[in-house]
1. Is it the case that some residue within the stretch 16-35 is closer than 21 Å to G191 by Cα, open to solvent by less than 40 Å² (accessible area, probe 1.4 Å) and modelled with pLDDT of 70 or more?
2. How about the stretch 142-154: which of its residues are over 13 Å from R242 (Cβ atoms) and touching a helix residue (DSSP H, G or I) at 6+ places or on another chain (Cβ under 9 Å)?
3. Within the stretch 212-225, how many residues are surrounded by fewer than 21 Cβ atoms within 10 Å (Cβ to Cβ) and part of a helix (DSSP H, G or I)?
4. Based on what the data block shows, is D103 over 26 Å from A155 (Cβ atoms) and in a helix (DSSP H, G or I)?
5. Looking at the stretch 58-67, is at least one residue open to solvent by 70 Å² or more (accessible area, probe 1.4 Å), in contact with a helix residue (DSSP H, G or I) (Cβ under 6 Å, 6 or more places away or on another chain) and of a type outside the set (F, W, Y)?
6. Please go through the stretch 140-158 and pick out each residue that is in a helix (DSSP H, G or I) and either open to solvent by less than 10 Å² (accessible area, probe 1.4 Å) or among the polar types (S, T, N, Q) (or both).
7. Of the residues that sit in the stretch 184-207 and are modelled with pLDDT of 75 or more and in a loop (DSSP other than H, G, I, E, B), which one is surrounded by the fewest Cβ atoms within 10 Å (Cβ to Cβ)?
8. Which of the following residues is of a type in the set (A, V, I, L, M, F, W, C) and either without any contact (Cβ under 8 Å) to a residue 60 or more places away in the chain or over 23 Å from R140 (Cβ atoms) (or both): L222, L275?
Amino acid sequence: WWAPVRQAIVSRDPALSGLIGRAPPYSPLWNLPFSGVDSGKIVMGMGNIPDAATQGALSLMIETGVYEKVMLCEAFYPTSEAARRTVMVHGDFKPDNVLQAADGTLTAIDYDLTCVGSAAHEFGYMLPMWYGKASYDYRRGLVGEYLDSSGLPHAEADVAAFMLDCEVASLTSLPGLLANIYDKEVPLLRGTPHPTARMAKEPGIMAGGADDSPTGPELVDLLAVAVGQIRADAGLSERCVREGLVQALFAVEGLGEPQLWSWLQHMRDSNMLRLFGIAPPS
């Protein structure tokens, strides 16, 4: 059923059709609430955010070229077959969206961000939501049981590969590191004046400007290089799986890259790393 729907989306918007046709099904493009290809605006899922912000942010990403850059960046693509699968994505699977009945039955609720995308993007959003609420052993067990129940290989190496893919996806999954659109700025639009979620309270307010460094496109390049370094280093890969990729990247000061480290500190000081448990200094 998904194939004709996907084709309808591809052919509907001339501005996006060329890009969509080149993006594999496991590209961040198909993390639909973030990409906006299904609705024409970035869906934020919380609060009453003006359409001018959601539509404006998407239009600017396309106009500046950063949208194409991040969607076609192979460094952000999952590498394991389990993570590359196209699945139904809940879109907001976290502890407080799971109910337990008196008989022990578990039920997921809150399906307003449900879409079709790669398994990596489901867990790329989900795993950060479980930091601090569940130990590494619990998160690893959760992924292992998921793979097992899906009829997929679930040995230790399979679980680790899937979890690393999902950590990389946390960079682009809504509302991950680059896809953060709830706060004072949209990281991908740094360097370009742009609307943000703050428009709900302060109509007309814009973020970003020519003095921003690094810019959105530069961030994509910096993070792509960082992901390559992490995947090439077994110790770093394991640390990212255990602690979280963003947390590990912050702990090692952006792998020694001055621009990346400066931006991560800016994100922390702006309280834009709270999803990853990193708070501004007191």
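1. Scanning the stretch 16-35, I find no residue that is closer than 21 Å to G191 by Cα, open to solvent by less than 40 Å² (accessible area, probe 1.4 Å) and modelled with pLDDT of 70 or more, so the answer is no.
2. Residues satisfying the conditions are L142, G144, Y146, L147, S150, L152, P153, H154.
3. 6
4. The answer is no for D103.
5. Taking every residue of the stretch 58-67 in turn, none turns out to be open to solvent by 70 Å² or more (accessible area, probe 1.4 Å), in contact with a helix residue (DSSP H, G or I) (Cβ under 6 Å, 6 or more places away or on another chain) and of a type outside the set (F, W, Y).
6. Matches in the stretch 140-158: V143, L147, S149.
7. Pass one, the stretch 184-207, residues modelled with pLDDT of 75 or more: 184-196, 206-207.
Imposing the further condition that a residue be in a loop (DSSP other than H, G, I, E, B) reduces the set to 184-186, 190-193, 196.
Details: K184: 14, E185: 23, V186: 27, R190: 23, G191: 20, T192: 21, P193: 12, T196: 23.
Result: P193.
8. Sole residue among the options that is of a type in the set (A, V, I, L, M, F, W, C) and either without any contact (Cβ under 8 Å) to a residue 60 or more places away in the chain or over 23 Å from R140 (Cβ atoms) (or both): L222.
The values are calculated or read from the model by the stated rules, or taken from the named source; none is laboratory data. Note that the coordinates shown come from a computational prediction; the quantities given were computed from them, not determined experimentally. Every residue, glycine as well, gets a Cβ built from its backbone with ideal geometry; the counts of neighbours run over all protein chains shown. Calculation scope for accessible area: heavy atoms of the full protein, side chains included, ligands and nucleic acids excluded. Shrake-Rupley method; radii C 1.70, N 1.55, O 1.52, S 1.80 Å.
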